[in-house]
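Quick notes on the structure that follows.
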Amino acid sequence: MIAGKAPLLLLAVILAFMQLVSSSAQAQEDESGSAAFAFKSEPLNVGLPADIGSLRLDTPRASLEAFLEAIRRKDFRRAGATLNLNAIPAEEQADRAPELALMLAFILRRYDLIDWTDIPDQPDARVLPRLQQSTSPYKRRSVELGTVELDGRPIPISLQRFQPPDGEAVWLFSPFMVERVPDIYREPGRDLLSRWLPLSERVDTYDYSSTVERIAAALMLTAALVLGLLSYLGMRLMVRLLPLRYRRAGKNVCLPLAVLIAAVAFRISLKELVVLTLPIAKSMDVASEIVALAAGAWLVLQTASGLSLALSRKYVVPLTSDDPENRRIQTAVYVARRLVIVAVALVSIGYILLRVGIFESFGISILASAGALGVLVAIAARPLLGNMVAGLQIALTDPVRIGDVVVFDEHWATVEDISFAHTVLRTWIDTRIIVPHSDLLSRPFENWSKEGDAVRRIVKIPVDYRIDVDSVREKVKEIVESDARATSEPPQVEMVELTGEVAVLWVWISATSAFNSWYLHNEVREKLVKHIRELEGGRYLPRRRHLILNKEGDSPLGEADQPNSDAPDTGAENS
């Protein structure tokens, strides 16, 4: 067994030896080339006085800690020694260094540019790859803390390693950035708080918000809320001046518009009046942006909903009109309004979640499970998605419109509303039937007003087959012509069915609407029955005939006893 493991042990020893040699060579290379891996520079900060004292500037972390410690102690001359002032004339360096250091401290605090986890504490700022990465360690001579926008251009805020001709390499803030510190500082503007409170009092507490900034934020928030309340009350008064059809929409937009005004005013005050520093600035900025975006989305939804309803009531005729084109337009407006509402809501919610950073907190796991999550969401939302697609299909194919009279599942009803996922049917007894769009399109139904409101109905009247149909035609014509609910189309009376006992007359009548046709055909039936009952004493009412046979000759008594067809009835026919 020992002989079998000997090659493996030999291979392990060889690999360990090669790794040791490689590490030793790398250490020697780093040791010999550390001074060379830096920006070659002229003598640094020759204009600064010599009484500043020594600072530890051999690593990026040490330089940044020295800078912040000097700021906390209000020793701004000492803090200025961590800046590369070579871009400034030597005779001006001593005077401008404290001011530049103070401005830079405010910039670092204002934009939250310090993340200690990304700042190395090694002279060469070496980056060590993670276990999953196959790259080799590498050195740096520049460590970027972040970027700040200046006139639309990103300005990197970075520490860089410089090698002067007569000294050791040191880490200082880059001269490119130092030269632009005054412009970056003036970019937010000279706010009111800076005029009342010295800048040195705002940067001495870097890790937490000062009491003055908290009070200023509370005052700005109170002022924004008061402005929103006054705007709301003023808009409610102005709504009374609007036409009646727009008042409801005006009332609905007052509250979201007031919230939007308050949020926008607060954001403007954060950027123009009182420029806060972190950590309170970031939370206030994100919160105000979310509130403004939510209020704006709410305003868009209320405006789209109110205007669509008001315009449809003004330009689209009421539901009792006989023009199907108007109902088609109204249906399209209703469906489009709801699609706009859903689209705006989804986009707003998605942007808010993205702005808050909730997606980033999930990390790579969300990306890995995106496929499974999409399948689960699709399965769970299948009924909703199906109804959404069916609603869009209703708007495009026009099988039913708002105001149409339909017969669905043996219910006679009027289409009252077509919402996002279902259709509302109002029955003749004023009850509502809620039908999902998918069910409405998958089951057959009658649409009585597809081509217009005029509806033809049939009145069936059973009568004796000896009746004079022309007399019934005259009576129907008399009834219909005097009724305003009937159209100009003349009624028709036909004997359609005939059995051994009765004949059935079909009376076709046409009314201006489905409601009118219902009441008109009931009235026609009632008056025809009365007419037939009074015609010759009810002779032509439906009868049931019985044939009585003679016992002796098995011949009908009616035929034997009544040879004269003009003789009166003897009771052989019973009603």
Any idea which residue in region 440-481 is least open to solvent (accessible area, probe 1.4 Å), counting only those that are in a helix (DSSP H, G or I) and closer than 23 Å to GLU410 by Cα?
LEU440
Taking first residues from region 178-193 that are farther than 17 Å from ALA281 by Cα and at pLDDT 90 or above and second residues anywhere that are of a type in the set (Gly, Ala, Ser) and surrounded by 16 or more Cβ atoms within 10 Å (Cβ to Cβ), the pairs with Cβ under 6 Å that are 6 or more apart or on different chains are none
I need the full set of residues from region 42-62 which are outside any loop (DSSP other than H, G, I, E, B), open to solvent by 50 Å² or more (accessible area, probe 1.4 Å) and of a type in the set (A, V, I, L, M, F, W, C), in order please.
ALA50
Does region 236-255 include one or more residues that are within 30 Å of ARG56 (Cβ to Cβ) and either at pLDDT 85 or above or open to solvent by 60 Å² or more (accessible area, probe 1.4 Å) (or both)?
no
Return the residues of region 415-439 that are in a loop (DSSP other than H, G, I, E, B) and in contact (Cβ under 8 Å) with a residue 12 or more places away in the chain; say none if nothing qualifies.
SER419, PHE420, ALA421, TRP428
Which condition does LEU260 not pass, out of (1) modelled with pLDDT of 75 or more; (2) farther than 12 Å from GLY228 by Cβ, if it passes all the others?
(2)
SER471 meets each of (1) out of contact with any His (no Cβ under 9 Å at 6 or more places or on another chain); (2) among the small types (Gly, Ala, Ser); (3) within 30 Å of ARG543 (Cβ to Cβ) with one exception, condition (1)
Given GLU559, GLU526, GLU536, GLU552, which one is closer than 30 Å to GLY403 by Cβ and either at pLDDT below 50 or open to solvent by 40 Å² or more (accessible area, probe 1.4 Å) (or both)?
GLU526
Condition check for ALA514: over 30 Å from VAL389 (Cβ atoms) and modelled with pLDDT under 85:
no
Only residues that are surrounded by fewer than 18 Cβ atoms within 10 Å (Cβ to Cβ) and not small (Gly, Ala, Ser): list them for region 275-288, please.
PRO279, ILE280, LYS282, ASP285, VAL286
Residue by residue through region 157-170, note down the ones that are within 20 Å of LYS40 (Cβ to Cβ) and not in a loop (DSSP other than H, G, I, E, B).
SER158, LEU159, GLN160, ARG161, PHE162, GLN163, VAL170
The correct count of residues that are in a loop (DSSP other than H, G, I, E, B) and open to solvent by 20 Å² or more (accessible area, probe 1.4 Å) in region 72-87 is 5
So which residues in region 395-412 are outside any loop (DSSP other than H, G, I, E, B) and under 16 Å from VAL335 (Cα atoms)?
ALA395, LEU396, THR397
Just a yes or no: is a residue in region 497-516 touching a strand residue (DSSP E or B) at 6+ places or on another chain (Cβ under 9 Å), free of Cβ contacts under 8 Å to residues at least 24 places away in the same chain, of a type in the set (Asp, Glu) and more than 19 Å from VAL407 (Cα to Cα)?
yes
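The values are calculated or read from the model by the stated rules, or taken from the named source; none is laboratory data. All values derive from a computational prediction rather than experimental measurement. Backbone-built Cβ (ideal geometry, glycine too); neighbour counts: all protein chains shown. SASA here: full protein model, heavy atoms, side chains in, ligands and nucleic acids out. Shrake-Rupley method; radii C 1.70, N 1.55, O 1.52, S 1.80 Å.
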